[in-house]
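Here is the structure we will look at.
The values are calculated or read from the model by the stated rules, or taken from the named source; none is laboratory data. None of the values given here were measured: they were computed from a predicted structure. Here the Cβ is made from the backbone with ideal geometry for all residues, glycine too, and neighbour counts use every protein chain on show.
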Amino acid sequence: MSVVEFFDKDMKTDNRQSSKGNQLKFFRDGYWYKADYTGYEGLAECVISDLLGLSSLKDNEYVRYEPELIGYNNRRFNACKSRDFTDGWQLITLERLFQTYYGYGLSTMIYRCESHIERLKMIVEQTERIIGISEFGIYMNKLLTIDALFLNEDRHTHNIAILTKDMKEYKLAPIFDNGAGLLSDTTLDYPLSETIFKLMPRVKGATFCDNLDEQLDISEELYGCNINFNFSYKDVKSSVEKYNQYSLEIQKRVVDIVMQMRRKYEYLFSGSQ
């Protein structure tokens, strides 16, 4: 794979900082590039987007990621890239949207609600009130289902966004930014030296409580089950093996994680084995 070289002028920052800090991000010729930061985030993005292609989501409901090798400041990084999907619209996080509309952020409003179910209802109802779109609960269920299935621990209020034109028109953004899934942080929290069965229970939610299963259960109770999947072991293995810039140890771990989570959430699948 050839190396795409970047310079300071290509670097971009945003207000969607991860709880673990910011990856190197670059923009060029209509594509966003993200360098691996604490492990194999690029692999997680690519594999999850491949598997979302084997779900009931429409093509315009999620972002496709591709692998890349990038150079910056005399270093090489595994990375992923995705086409810019804004098409003249502005991406705005829910945190910033609520700050603009109410004068204080969504995270503040969430933790004023003691009940977890009331937290999600508040997020959905107040977002719908601002943007005038009545299907935000369905969108949140899809998002929280994907987070639970793929163990994405970084879906905080700076990492859920919609599209706007001048804060007058709004539409739902495609689902993006799943790189914190699949135990990709091998530097800090999920070292390769430990088994996935020991590590998986450590993963915490970040949207309105710290339990991914509870977040999913509440979203289904309120808004139903709005996404299903149809991938098999063969599909997972085929996806992962495409990204051979990552070690065989990492590839095997990702396959094992996905298949374990597939077994856990079998009800989300439409019959593949």
message: Based on this model, can you work out whether ALA180 counts as touching a His at 6+ places or on another chain (Cβ under 6 Å) and either assigned to a strand (DSSP E or B) or crowded, with 19+ Cβ neighbours inside 10 Å (or both)?
response: no
query: Residues of segment 183-202 being touching a residue at least 24 places away in the same chain (Cβ under 8 Å), part of a loop (DSSP other than H, G, I, E, B) and either buried (at least 21 other Cβ atoms within 10 Å of the Cβ) or among the hydroxyl-bearing types (Ser, Thr, Tyr) (or both), which ones?
result: LEU183, SER184, THR186, THR187, TYR190
- prompt: Taking segment 1-37 only, how many residues are part of a strand (DSSP E or B) and either modelled with pLDDT of 85 or more or not polar (S, T, N, Q) (or both)?
  reply: 14
- prompt: How about segment 143-184: which of its residues are among the charged types (D, E, K, R), farther than 17 Å from PHE98 by Cα and in contact with a strand residue (DSSP E or B) (Cβ under 7 Å, 6 or more places away or on another chain)?
  reply: ASP154
message: Of everything in segment 222-257, what is aliphatic (A, V, I, L, M), part of a helix (DSSP H, G or I) and surrounded by 14 or more Cβ atoms within 10 Å (Cβ to Cβ)? Give them in sequence order.
response: LEU222, VAL236, VAL240, ILE250, VAL254, VAL255, ILE257
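Can you name the residue in segment 103-132 that is part of a helix (DSSP H, G or I) and without any contact (Cβ under 8 Å) to a residue 12 or more places away in the chain and, of all such residues, is surrounded by the fewest Cβ atoms within 10 Å (Cβ to Cβ)?
So, considering only residues that are part of a helix (DSSP H, G or I) and without any contact (Cβ under 8 Å) to a residue 12 or more places away in the chain, the one surrounded by the fewest Cβ atoms within 10 Å (Cβ to Cβ) is ARG129.
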